1. Tell me the label-point distance for the pair GLU389, GLU177, using the 7 Å Cα-to-Cβ offset, in nm and rounded to one decimal.
2. Any chance you could look up the accessible area of MET384 with a 1.4 Å probe, heavy atoms only, rounded to 10 Å²?
3. Leaving out ligands, DNA and RNA but keeping every protein chain, what accessible area does LYS118 have, in Å² rounded to the nearest 10, with a 1.4 Å probe?
4. How big is segment 217-372 by Rg and Dmax over its Cα atoms, in Å?
5. Scan around HIS219 for amide H atoms under 5 Å from its own, H built in the peptide plane at 1.01 Å from N, and keep only partners 5 or more places away or cross-chain.
6. Setting aside same-chain residues fewer than 8 positions from LYS476, which lysines have a Cα under 30 Å from its Cα?
7. Cα-Cα over 24 Å: which of LYS289/LYS387; LYS10/LYS291; LYS70/LYS99; LYS23/LYS206; LYS23/LYS287; LYS44/LYS169?
8. Give the ranking of LYS353, LYS476, LYS509, LYS53 by solvent-accessible surface, highest area first, calculated with a 1.4 Å probe.
Amino acid sequence: MSTFTELGLKEVIQRALTDLGYKSPTEIQKIAIPQIIGSTRDVKAFAQTGTGKTAAFSLPILEQIDLSSKDTQALILSPTRELAVQIGENIREFAKHIKGFNVVTVYGGANAEDQIRKLRRGAHIVVGTPGRTVDLINRRALKPQNLRWLVLDEADEMLNMGFKDELDKILNETPKEKQTLLFSATFPREVDAIARNYMNNPVDIKAGTVNTGSDSVSHEYYMVTERNRYAALKRISDANPEIYGVIFCRTKRETNEISEKLIQDGYSVDAIHGDLSQAQRDNVMQKFKKKSIQLLCATDVAARGIDVKNLTHVINYKLPDQIEAYTHRSGRTGRAGAKGISISIVTRKELNKIRPIEKRISKKFTKKEVPDGVEICKSQLFKMIGKVENVEVNETELSKYTETIFEKLAHMDREELIKRFVSLEFNSFLEYYSKSRDLNEADSGRDSRDSGRSSSNENMTRFFINIGRKDSLDPKSLIGLINDNTQTSGIEIGSIDILDTFSFFEIDKNYEQEALDSIIGADFNGRNVNLEVTKAKRGGGGGGGRGRGGSRGGSSDRGGYRGGSSDRRGGGNRDGGSRDGGGSRRRFSSNSSSSSSSQGRRRTSGGSGFGRKRESKG
Ligand code: AMP
């Protein structure tokens, strides 16, 4: 069956699908729609994101809904507010020609009274997040007694997010005779347990290969040092002037940090994560969908509901720990047959995360080189030339000035004119990238992916620190001290030697100055912390003592560093950073709306650590 008519859908529904531009059913729709219309058996469906599963369960329910009754007949549970809202909107669109039909979406973080009022007016279908749904059932605003369908969408994610108790409660409150439709991209034990305990002889349906990414998504990675990660992100987006994508970060803090840095650097970006109010999240999503912003920084959870068409890229600023999360992330692009690219920015240490993903998605990642200045300038120039070619000329208005313009520029030939107009727009960009450094981390060995770890101490700076066991220092608290006081998150930390009254540790040498600037003067259990750069680790335990002596002798070195630090602040050390900082500012300058919306949000980066330390330094 290859048309919606053949699947048995009413004309009013088909008309809505035509309005939406759906020409033929997707694979999961071909299987699920006739199954759910033709049988009351429970359904357990393997379905990935982006396969059209929302329509696969919504359309057969809409087909059978009893409009003469005001009872809630279908309850659709989804893990996040965004996804619930998305499903609600989809259903509203599918049902737009069905007179008297009503769907209500309920989720936490929004006024419950409003939702209760809407439910009281009658809702044939309710879409909800588990927590708010339980709340509304308890308050008797949502009456599950006459449900005919219960849909558990993204069941694995609901369980991952800790909604087991809520699901148990809802499943127990709903009538036994209902048809349960469970959709999940993965079937871990917990999901199987739900199916076993609450479903009655379910029919298994499956479309596409479980857990494999969409065929229309290609997977690429760039290898850089931790220090160059952010600069690489900017180069990648600069080299793709038409980029429209999601940048995935691992934490809310990182999401804020990266989006704010990008905004400062002039990019068209905003952030979405769980700390935002519903209104802020809606606002960000609306801007993104309208393409008022090109890039959206998101956490995995916040991005669950993102169904934005035609995303060109998904960027894994840092790879997630779980492979499932990678599949979900990359599934945001390449939707409904469009092509998409999933990019991962990795350090050498993170390379070992790629192979397991490749195995799971049965696809190879392609290693790409971080683009250099010439490549970026070329792509930006092409974009600009394209704009020149396509710009509409307002002949009437311009004609008032053309004579003067032509007169003024008469002495220049065509070539000279083109060069000058391009330079006007482009000089700062050319200048910015003219001295750009290579950001690629060289592969060492034939397949450095196997090595997994940083291969030598060359990349590390070894520090002497004036606290040790007697100050209750252990590796964990030392790492905490480093993380709390440095501003960059995720600095690579090498070997740690804790001795009685002092210790040694290594960190990525790119952060040597940041460590000196930020850790010296910090407080650790009442002691004023001091750091000195020391020589590379020597063999044997006695090395520590000698190392200390050496570092003491080298304190003039440190003096040198200190003396140098103010210089470095001005440029030296930050040279690379700043070059990959402000220069691309011009790029998305046409769009300033993103920065204003983010300004109200608190910067949650390691700033507080810096503040404290600066105070203590006086
Ligand atoms: P879903 O997996 O439900 O999140 O759907 C992914 C995307 O595919 C959404 O943007 C849908 O609007 C779109 N879509 C779903 N079914 C079809 C179809 N039969 N034809 C074209 N697009 C579809």
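The values are calculated or read from the model by the stated rules, or taken from the named source; none is laboratory data. Keep in mind the model is a prediction, meaning the values are calculated, not measured. Cβ: placed from backbone, ideal geometry, glycine included. Neighbour counts: every protein chain shown. Areas reflect the complete protein model, heavy atoms only, side chains present, ligands, DNA and RNA absent. Shrake-Rupley method; radii C 1.70, N 1.55, O 1.52, S 1.80 Å.
1. 6.5 nm
2. Solvent-accessible area, nearest 10 Å²: 40 Å².
3. Surface open to solvent at LYS118 totals about 100 Å².
4. 14.4, 40
5. It is SER342, THR366, by chain and number.
6. LYS252, LYS261, LYS318, LYS349, LYS353, LYS509, LYS535, LYS537, LYS613, LYS617
7. Those over the limit are LYS10/LYS291; LYS23/LYS287.
8. The most accessible residue leads, giving LYS476, LYS509, LYS353, LYS53.
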